[in-house]
Amino acid sequence: MSRDDRLRLAFVGLHPARHRDLVARHRTAGAVLEAIRAGGVDGVPPAIVRAPSECLAAVEEAGAETVFLGDGGYPAWLAGIGDPPDVLFVRGRLPDRMGVGVVGTRRCTGYGRALATGYGRAIAAAGWALVSGLARGIDATAQRAAVEAGGSSVAVLGCGVDIVYPRENADLTTAILDGGGAVISEYPPGAHPLGWRFPPRNRIISGLSAAVVVVESAVRGGALVTAARAAEQGRAVFAVPGDVGRPASVGCNLLIRDGAGPVLDPADLVEALSLVLGPPAAAPVTATAEQPEMFAQTGVPVDEFGAALGLHGSELLALLGRLELEGKVRREGDLVMPAFEGGR
């Protein structure tokens, strides 16, 4: 099929299932476009079909690129799911291997937020990309923790890549891109965050992931949709157990009842994920980082800690994340504190 026709059909902005059905019925994207122009597709006005030059200009204006199914740059693990997007709109850099999906409710508790932060840091320290949906609550918390720890994250949107939704995550979007991650969507630039666009994107989150971790979820919600898609795609599914009477834990407890692997603290998560992804690709720890003389009882500023080790930026953050994971240090605000016997 013509790449121009495939791009133009993507810009029509159909529901992914309807897009697939129309292409299957008409055989090619070009034939679907002809049917739309002839008024033969219910609910789709002929005027919505745009010229190739307009589509390309919109992609360029959004600071994005297009990756077509079948291209060398299209992730093979996403291409292998039953219903992969025909076109991805990408800002940033797609990961070169499968990541870890971390999802959960927008109405998270302090317990869930703390776990999402710990998991995000641990995944970054292990060298794995964190994949999520940039939504309020668990998603954004885990992604923010990962990028602040020097890790890579992929945000899969239910709108165009030129639209930040929710708006409060504008700085997180910038941090993801600055950290070498990606913001992606199957919807074209300019596509608004309509409710029906979010459930289909969950198959992309799971499709880019070797495993999906549900931190908190009510009995219904997008996180459970992502877990279901992951199971269908043959991905590992993990969930965090919680109080049986807590609404935000009901979905996770049901997942565990039905066969998802329970995960507890960040170290337990990394151990479980290592069985799926292989050993963490973390850098060796400098010996002096473990010596008590590195610390005052009241802790040292992060910058001073890094200077003593000759590290800065993402390398320092990744090391701190791994040392926290191993229980050798703890962070309190901008201070690095001892976490060994006698230093607590």
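The values are calculated or read from the model by the stated rules, or taken from the named source; none is laboratory data. Everything numeric in this text was worked out from a predicted model, so none of it was measured. Note that we place each Cβ from the backbone using ideal geometry, even for glycine, and neighbour counts take in every protein chain shown. Ligands, DNA and RNA are excluded from the accessible area calculation, which covers all protein heavy atoms including side chains. Shrake-Rupley method; radii C 1.70, N 1.55, O 1.52, S 1.80 Å.
Computed from point charges on the beta carbon alone (+1 for Lys and Arg, -1 for Asp and Glu), the dipole magnitude for the chain about its Cα centre is near 1180 Debye.
Across Val154, Val32, Val102, mean-square fluctuation computed from a Gaussian network of the chain (C-alpha pairs under 10 Å connected) peaks at Val32. Across the chain, C-alpha contacts under 8 Å between residues 6 or more apart give a mean separation that, scaled by the residue count, equals a relative contact order of 15 percent. Across the protein chains, with a 1.4 Å probe defining accessible surface, the residues Trp196, Trp77, Trp128 rank Trp196, Trp77, Trp128 from largest area downward. Sorting 35-45, 248-258 by their mean Cβ neighbour count within 10 Å, with the most densely packed peptide first, gives 248-258, 35-45. For segment 141-194, the equivalent ellipsoid derived from the Cα gyration tensor has semi-axes of 20, 11, 8 Å, listed largest first.
At a Förster radius of 35 Å, what calculated FRET efficiency corresponds to the Cβ-Cβ distance of Ala17 and Ala267, to the nearest 0.05?
On the way: r = 40 Å, r/R0 = 1.15.
Efficiency at R0 = 35 Å is approximately 0.30.
Projecting each Cα onto the charge dipole of the chain (Lys/Arg +1, Asp/Glu -1 at the beta carbon, about the Cα centre), which of Ile36, Gly207, Gly278 comes out farthest on the positive side? Farthest along the dipole direction, towards plus: Ile36.
Between Asp96, Asp265, Asp334, the Gaussian network model of the chain with springs among Cα atoms under 10 angstrom shows the greatest mean-square fluctuation at Asp334.
For the pair Asp334 and Glu60, the difference between a 0.36 nm per residue extended length and the Cα-Cα distance amounts to 94.7 nm.
Compute the Cα gyration tensor for segment 55-108, then decide on rounded, prolate or oblate, letting a ≥ b ≥ c be the square roots of its eigenvalues: rounded whenever a/c is under 1.5, prolate when a/b is larger than b/c in the other cases, and oblate in all that remain. The shape class here is oblate.
Diagonalising the gyration tensor over the Cα atoms of segment 118-265 and scaling each eigenvalue by 5 before taking the square root yields semi-axes of 24, 18, 14 Å, largest first. Work from the charge dipole of the chain (Cβ charges, +1 for Lys and Arg, -1 for Asp and Glu, about the Cα centre) and give the residue of Val67, Pro52, Ser153 farthest towards its positive end. Highest projection toward the positive end goes to Pro52. Looking at the chain, the accessible area is 44 square angstrom per residue; that uses a 1.4 Å probe and ignores ligands, DNA and RNA.
With the simple spin-label model, which puts each label point 7 Å out from Cα in the Cβ direction, the Asp96 to Val244 separation comes to 4.9 nm. Here the accessible area is traced with a 1.4 Å probe on the protein chains. For the chain, carbon and sulfur cover 53 percent of it.
Among 185-195, 230-240, 15-25, sorting by the average number of other beta carbon atoms lying within 10 angstrom of each residue, highest first, gives 230-240, 185-195, 15-25.
Given axes a ≥ b ≥ c from the Cα gyration tensor, I'd like to know whether segment 227-268 is rounded (a/c under 1.5), prolate (a/b larger than b/c) or oblate. Judged from the Cα gyration tensor, segment 227-268 comes out oblate (a/c at least 1.5, b/c at or above a/b). Structure remark: mean-square fluctuation, Gaussian network model of the chain, C-alpha springs under 10 Å; the largest value among Leu115, Leu325, Leu56 belongs to Leu56.
A straight chain from Arg3 to Ala31 at 0.36 nm per residue would run longer than the Cα-Cα distance by 8.8 nm.
The ellipsoid that matches the Cα gyration tensor of segment 52-174 has semi-axes, each √(5λ) in whole angstrom, of 26, 17, 13, with the longest given first. Based on DSSP H segments of at least four residues, each scored -39500 (n - 2.57), the chain has a per-residue ellipticity at 222 nm of -12500 deg cm²/dmol. Volume per residue of the convex hull around the Cα atoms, evaluated for segment 1-69, comes out as 89 Å³. Computed from the C-beta positions of Glu232 and Ile48, the FRET efficiency with R₀ = 30 Å rounds to 0.45. Sorted from longest to shortest, the spans of the Cα atoms of the chain along the three principal axes equal 78, 44, 33 Å.
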